[in-house]
Structures are given as C-alpha cells and as structure tokens.
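Only the coordinates and a few stated rules stand behind these numbers; no lab work does. Predicted, not measured: the structure shown is a model, and the values here were computed from it. With ideal geometry, Cβ positions are generated from the backbone for all residues, glycine too; neighbour counts draw on all protein chains shown.
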Amino acid sequence: MNDLDDVAALGTVLGIWAHPDDETYLSAGVMAIAAGNAQRVVVVSATAGERGTDDPVAWPPDRLAPVRRWEASAALAALGVHDHRWLGLPDGELARCSTAEQARRLAAIMDEVAPDTILTFGPDGVTGHPDHRAVSRWVDAACLRSSRRVRVLHAALEEGYCERFRGLHERFDVFMDPSLPAPRPAAELALRLSLTGASLDRKLVALRAQATQTQPVVEAFGSGPYAEWVAEEVFVDATAQTYGQWRHPRSQHEPAAASSTAVSTNSPVAGSR
C-alpha cells in the first residue's frame, strides 16, 4: 500500500485528545493527507491546555486558554482541518472527571460524526500524562456506548524510534511514568508515517503555530533534532482491545498487515488544502 491507500482506508477520522497540540504532535501528517483526500476529519480536545506553562505568572489560565485555542485553530487550518470540538474540561484534572459522563458526551459526538476510525491515546497515554490516560479510558467507554462501531487506533512509539531518541528523552525527561516508553515492534503497527520534505514542513508549520508549547521545545532540542523527533506518526490497532473479541470484517477497514509509509515531498499532501 502507499500513503494515500493507508490513510484513505481510515475513512472519516475522529481524533480525540486531551490538549491542543496532542493532535498535531501525534497525527498531523495523517490529518493532512486525509483532508487532502477530501475525507472528513474532526478533532475533539478535552481541555484548552490552560495550565500548560512553566510561567503561570506571565501565562495565567484565563490568558493562556484563549491563546491556545487560537493557536490550535491556526495549526489545524495549516493541515486543512476545520472541525474542532472542545469539551471545556479543566486541564490537569481529567482523572477526576466522571468517565461515564465524558463517555456519554463522546458517544454523542461519535453518533453525530459517524467516524470510521478514531485516533486517540492508548492506556499508557504515550507519555504517561494522567489527562492522556483519562481520555483513553473515556474513548473505550464511549465506543461501547455508541451505536457506531469504529476502528480504534492508539498512538504509539516504535522500538527503533525509542532507541534512536533514548538519549534525548532521558535528557529532557519526556515521560511522566518511569515504566515508559513502551516501545512497539514494527510488526504490531497498523499505520506508520515517516514524514519528509514538504509533508514534514507542513507539520512543523502547524506545530510552530502552537508557539506557547513548541517554541521552548524547539529551542531546547535544536531545530534539526526536533524535526526528526516529530517526523514519525505511529498507530496500533486497538479495535479488538476496545470491543473485546468483536472485529470489523476485512471489508470494513481491518488492515491485512502492518504498513510503513514514507511521505515525501512528492506526496499529494504537499499541495492539499
């Protein structure tokens, strides 16, 4: 398969994340290709990320929240995505929110949007962030409540990637749980994009639009290492895990095998809207 086949097979895509910038870091390339294919792409953010700062004096929550909303709008516009929903929940406190209530809200969105595929966090939240882990639980519960049966893909980190960036991760204390990262072997991957050229540039533009979050990271990592660090987008199929033993028939988006795709300057995504 090629990149267009891999992403086209996702159908209508619903991304469900904790904070604005989660969707861009983990799925910008996927979203840009899907939007360029004229697939519907909808993003849900649980919070505005209003506590995402090391300087709460300069950036109190009531200032940072609207700025991050504007940043997210600019980032998604750069990727061709224009349907962004907000749950309006408190940043850093999602573990205290009712799973049943948030599952009900997400199931209603699922029934409205009618996605074929959900992109979200796995149980480890990728980095171990409690908000990420809470969203993963809500999505599992929402899938069981919704009348819509979907393919569920969890963002993950591949073994080679983890080894390549192990020093950087240790230096900057990227993971909030000492048991992480949880590398996945290439054979387990359902979707893998390796962005290069214009496709990577487009993701970097979207990330730079969220400057309150990304500018300090770029300055700390260096622009070259940062670009390499964000170039990989990896997902594992969690449909069976979410629904128990239920699986989509092959005709409804179940992949025949894991695929790995390099998206280059020549990809049609470079000229997509």
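Quick notes
- Peptide packing: for 165-172, 71-78, the average count of neighbouring Cβ atoms within 10 Å per residue gives the ranking 71-78, 165-172, highest mean first.
- Using a Gaussian network model of the chain in which every pair of alpha carbons under 10 angstrom is joined by a spring, one finds that among Met176, Met110, Met31 the greatest mean-square fluctuation is at Met176.
- Proxy reagent accessibility, fewest Cβ within 10 Å first, across Val113, Val81: Val113, Val81
- Test item: Cα-centred dipole of the chain, Lys/Arg +1 and Asp/Glu -1 on Cβ, debye: 700 debye
- Distance from the stretch 1-68 to the stretch 165-215 (C-alpha centre basis), Å: 14 Å
- Given [x] 25, 23, 19; [y] 28, 24, 18; [z] 34, 23, 16, the label whose value is semi-axes √(5λ) of the Cα gyration tensor in Å derived from this model: [x]
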